[in-house]
Every structure is written in C-alpha cells, then in structure tokens.
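The values are calculated or read from the model by the stated rules, or taken from the named source; none is laboratory data. Source: prediction; values computed, not measured. In this analysis, Cβ positions are derived from the backbone assuming ideal geometry, glycine residues included, and neighbour counts consider all displayed protein chains. These accessible areas exclude ligands, DNA and RNA; they are computed on the full protein's heavy atoms, side chains included. Shrake-Rupley method; radii C 1.70, N 1.55, O 1.52, S 1.80 Å.
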Amino acid sequence: MKKRLSRKMCKSVLLMAICSSSLIGSNDVYAANGEIMPDGSYGYLSNVGQNVYQQGSNESVSFGDGQTVSGWRNDKGATGPAVQIVDTSNFKIQAGNANDKVTFIGGGISGQSVINTQDNAKLEIAGGTIAINHVPVDVQKVLGTRTLIRAEYDSEMSFTNKETIASVEFENFKEDSSNVISLVSAEDNAKLTFYGKLTLNGTLRGNSKAMIMGMWSNGTAKTLAKDDVNINIHLNNNNVENFYGVYAQNQSNITFEKDLNMDLNAVSANTKMGAGLATNGVGSKIAIKGNLNLDSKGLVTTAILANNGGEVEVQGHANILSEGSYAAYAVARDGNIGKIIFDGDVSINTSNTSDKYWTNLALGVNGGKIDINQNGGKNVNIHGGLLLANNGMINMKLDNADSVFSGSITHMDNSSVSTLDLSNGAQWLVSKSHQNDIIDAKYVTKVTNLTLSSNATVDLTHDEGANSNISINNFSGNGGIFVLDTDLNSETNGDKIIIDNASNGATSFIQVKDISLVNGLEVTGHKNLLLAEDTSGNVTFMGKNLNNGGLWDVTPTIENGLNVKDGEGNVIGNANQWYLTKVEKSLNNDTQVLLDGSDSSYAMWRNTNDTLRKHLGDLHYRTNKKGVEGIWAHYTGGKFAGSGFDSSYNMYQLGYDKADNAKSTYGFALES
C-alpha cells in the first residue's frame, strides 16, 4: 500500500522532516484519509523524533553521529516510515561521516517500511554506519506486510555509505495469513544498490504464522550489492510456513559482486518451504560473483532452489552446509527449466556421513538442471546423494586429485540424465543407493554418462555391501579404475559393473578388495567371479594391484569371458563379460622396506657385537695384566644383502683401555 501526502499537507514547525522542498517540524499533522485534521486527533503525528518525507522536489538533509530518525506516529501509537521519498524527487541523506552512526526507526503499520522510495523517486544515503530497525509490534496486532528497506514503482535507492545494518525481531504477534516480513525488497522495476557492506538480521519467535525473507526482488526489479553481504535469520517459531534468505521472482535480478555469507536456522514444526537462495520465473536470477558461505540448519528444506525457469549462479567458491532435504534443487514447471550453475570450487556437506545421504541430499532435479565445474580446473567435494526425475539433468566434472564425490546417483525414471566426468585422480566413492530401500534388494546406482580416465576412481567399496551394481548407459575414457568388493571363493558375491554402450577402445582397470584378505582364508581351486558386463563389447578391463594400507598388495587376474573356463574346461563366459579368476597377495613396498630395514638393523647390531667380542678377546689374551693402558682403533666396511635400498656401510671405532689389576680392565669406545 502506498502512502502519499500532497503539498498542501505541509505545515512549518520545529524539528526536521522533508515535505515538498521545505524543512518542517516533527509535529506536522498528516490526515489518515488525505484530509488535514487540525486537532490531529485522527491524523498521523510525527512527534517521536525526526522524520523525512519528500514529494516531488530535489533536496538533501544531514544527520550527525548518534542521531535517530523516526517515523511518524498516530494517536494510537502506530509508527510509519522514517524516510519516504515519492514522485520525481532526487534526494540525498548524509548520515554523518565515515566513522559516524545514524539510526532509522519506523514501519509500525502494515504496508509501511522504515525507508521507502516510490514513483520514479531517487534517494541516496551516504555517510558512515546506518542502523535500520523496525519498531516493536504489540502481541495483539497483525504484522501484515513489514519491510525495512523498500524500493518500488520505478524508483532508485542507493546506499553509498560505509555499512548498513538492518534488523528486525518479532515475537508472539497476532495470527494472520497476511504476515509477511522482508528486510530488503525491490519491486516493480525499481533499482536498489548497496555500495558498502550489508548485514541483515531477522529473528522470529513464538507460534504465530508468518513468512520471512532476507532479500526479496520482484517484478523486473534489480538489486546490486557491491561489497560483502551477511544474512542471519533465526526462527524459533512453529508456524513459519515460508522462509527465504534471498528470493528473486518474476524477471527480477539480485547480484552480489563480492562474498555472500548466510547463517540460517529454522526451528519450525510447520515449515512448508524454506530456502537459502531461491528464484522463481523465467528471467529471474541470483548471481554471486564472489564466494558463497551458506550454513542452513533445522527445517530449511533447501539451501539453493531454482524454480520455473529461475537461475542461480555461483562464480566463486560455494561452501554449503545444509541439514535440509536438498543442498541444491532445480525444478521445471510448464517447460521452464530452473538452473543452478557452480563455476568455482564446490564444497557441499563435506562433514556429512553416509547414513544421512538420503535424508540430506546433495543435489536434486525435478525437470531442472545443475551444472558443476563444467569449465574444469576447480576443486569439487560433494557428500550426499543425487536424485533425478522428470527430464532433470545433473552435469559434474571432477578433474583433479583433490576432488571427491561421495554418494550415489538415483534416477526415479528413465527420462533424466546424469553426466559425470572423472579424471586426473578424482574419486567417486559410491554409497548405498536410495533405491535399495524402495525398489531392489541390491544396492543399485545409475549414471547416464560416465567418463573415467587418468587414474580417476569409481570405488564401490564404500556402500556397506558386497553385492552392489553400478549401471552405466554410456561409458568412455582410458586409464580409470573401478574398485570392487569381491568374494572369489563364493563365485557369486561381488560388486558388478553393467555397461550398455561404450566408446571404441575404452579401457579401465579393476582393483579388488577380496574377502579372503579379511578372513585370512586362501582361495584354492578353480574359481571364477563375474565382475563386468559390457553389452557394446568395446571396453577392455585389466587387473591392477591394490595397496589398501595393509601388509599386502592384491593383484587380481581379470580375464575376458571367452577365456574363462569351469573346472571341466568348458567356456562359461562370452566376449562382453569380464571375470575375476585369481587373487594374488604379495608384500607391498611399505612392508618390504620395514622387513628389509629390520634385517639391516639386525645385521649391523651383529657386526658391532662381533667387533666388541674380538676386542674383549684381545684383552683376555694380553700378557701383561696390570698397569697397562693404551689407545686402539678399528675400521670395518661392506655391504649387506638386500634390495630396494642402499645397504652399504662404514664403521669407525676409537677406544682407550687401562688394566687396573689382573682381573679388571676399564675403558671406553667411540663409534661412527
């Protein structure tokens, strides 16, 4: 609701306000219904401090350090905006110098704001630190629509000051479905710009129904933050139905040129939708050019949401901790695809444990699209499951040894596409799949397109089961590695790779963690275990030794099905199958060095002892057994038998002896 005052309503009195082009006093009387009420009994009375109201003229006003600018108050105690600039005004407020602080208080009536611009007006607020606070609301009153900073109807508002801090705190207000709080909003083609740092603090307590947003942009409006932004919203309210940290909709845009830091905590039994960043509608976009640090706790259902053609892009490091259903969720509606793009380093739920991967998903798409590191060269660390449905798309590239995806990929239908490109030592630690609890007795994970090359690893031994299948529609790459749980002795139990199509000449290694290494039982006799099936027949699998940190290297023998025979010499496989036929254990390099080192130390000890024994023998056979003293020296050198290290040695000994009597000789020796 717009609140306008005409020029005829101005009346000169004492303290500061702005009406038309004149400075007027705090006792100016405004009519509730557009008429002047001389006694002021039903009007709006600016008698609580300094109020700025400007309509249709260019002006400026200054405030000093420690001053408070308050909204007008009516006879019932309700308070309006502290600053309201309307029509074609071009206005500037100087809020002290760089080290000063000025406070703005107001917005006590539904539909009102603390600072507001409308109808092509332009407002600049310069100076030091600006604190913007909403007046308290009586517990018996409906909140309605409450905003701290609001630019609307083609207006422009610029904060060129050093820092802006906007805070709101409500508790136990009256229940009503119209209760909507936004700390910052830009609407209806307005432009809102923050040049200095921005901090938004919102707190709701009690049981009253409400919706709260940190930043909201709507109707082709544009919001730009040129410095760091901090958003802290904490809810301890059982009826907050919708909750957004930053929300852009209906072709509006919100851009952060530097870092965005968000601390969101929602403790609400009835939260229907909670998101840290959210877009809705074609042309709506949130762009973060710096780093994103987003910590969402409680019932914040989604850390990042792109819906109905909306887009979220993070160009810097995205560091996301989410306790909700999804860390990132992209949705399509009526053919409009929601998109989430991560261009920089990505860290999602890196402290998460596998038991939470399916209550705390990393990525989800319901017709939407998520792109991660598509230009390459960034570190990607994601812990949590991926869920795809209704033509959704997830594209991830992990191309260095510091990148890890720990989780599984589940397709709820055959229309969605997951693409995973692993290279240069990157890892996919495959976890238990969601489908295990719903569809199949086996652990199944599926990826549409998998490229595996240059020592990148797909490890199926992290899923708490020894019969896990990975299903791959399209496979490509050379020199990648699959790590599988196996039980060769059983000839039935083991992880399995299933490939529908593969590029010509594709190759991959297979490493195994066979149960025989755990139970200590040697696999004997003629054994075969099917590990891979490639319908296209284009992939060649090879065994590769695995050093898993124990005493042994494990080298599997992997053979094509045409070469695999049963105990009677019959071929049991075909050209598209690959079997484990042998597991060979050998001392790994670390163990061999320890053993060789022990042998070397023992040999040196024996050699030293031999030298000492020889010298004691010389003393025993001396002819003069009393009063004799002297210095002696000895050298020995050589090389011990061994491999893998330099076993050459040189030893020098220098000593002194003195025979005290026929039975006792004293002395010392130095050795190098």
Of the residues in segment 329-348 that are open to solvent by less than 10 Å² (accessible area, probe 1.4 Å) and free of Cβ contacts under 8 Å to residues at least 60 places away in the same chain, the one that is nearest to Gly392 (Cα to Cα) is Gly338
Filter segment 175-202 for residues that are at pLDDT below 85 and open to solvent by 10 Å² or more (accessible area, probe 1.4 Å); the one that is nearest to Leu277 (Cα to Cα) is Val180
Just wondering, is there one or more residues in segment 106-124 that are in a strand (DSSP E or B), open to solvent by 20 Å² or more (accessible area, probe 1.4 Å) and either modelled with pLDDT under 90 or in contact with a helix residue (DSSP H, G or I) (Cβ under 7 Å, 6 or more places away or on another chain) (or both)?
no
Of the conditions (1) more than 28 Å from Ser415 (Cβ to Cβ); (2) in contact with a Leu (Cβ under 7 Å, 6 or more places away or on another chain); (3) modelled with pLDDT of 85 or more, the single one that Ser268 does not satisfy is (3)
Flagged pairs (Cβ under 8 angstrom, 6 or more apart or on separate chains; first in segment 299-323, on the phi > 0 side of the Ramachandran plot and touching a residue at least 24 places away in the same chain (Cβ under 8 Å); second small (Gly, Ala, Ser) and open to solvent by 30 Å² or more (accessible area, probe 1.4 Å)) are Asn308/Ala332; Gly309/Gly283; Gly309/Ala332
**Asked** Taking Glu533, is it open to solvent by 40 Å² or more (accessible area, probe 1.4 Å) and on the phi > 0 side of the Ramachandran plot?
**Response** no
Here the qualifying pairs (Cβ atoms under 6 Å; residues six or more apart or on different chains; first in segment 454-473 and without any contact (Cβ under 8 Å) to a residue 40 or more places away in the chain and assigned to a strand (DSSP E or B); second open to solvent by 30 Å² or more (accessible area, probe 1.4 Å) and polar (S, T, N, Q)) come out as Thr457/Gln427
Taking segment 126-138 and the residues there that are in contact with a strand residue (DSSP E or B) (Cβ under 7 Å, 6 or more places away or on another chain) and not in a strand (DSSP E or B), the one that is modelled with the lowest pLDDT would be Val137
Condition set surrounded by 24 or more Cβ atoms within 10 Å (Cβ to Cβ) and not hydrophobic (A, V, I, L, M, F, W, C), scope segment 291-306, selection farthest from Gly407 (Cα to Cα): answer is Ser296
Screening Ala575, Ala532 for residues that are modelled with pLDDT of 55 or more, small (Gly, Ala, Ser), in a loop (DSSP other than H, G, I, E, B) and under 48 Å from the mean Cα position of the chain (by Cα) leaves only Ala575
Exactly one of Glu559, Glu584 is surrounded by 13 or more Cβ atoms within 10 Å (Cβ to Cβ) and either farther than 30 Å from Ser503 by Cβ or modelled with pLDDT under 95 (or both), and that one is Glu584
**Prompt:** Within segment 493-500, is there a residue that is touching a strand residue (DSSP E or B) at 6+ places or on another chain (Cβ under 8 Å), more than 21 Å from Trp428 (Cβ to Cβ), open to solvent by less than 50 Å² (accessible area, probe 1.4 Å) and basic (Lys, Arg)?
**Reply:** no
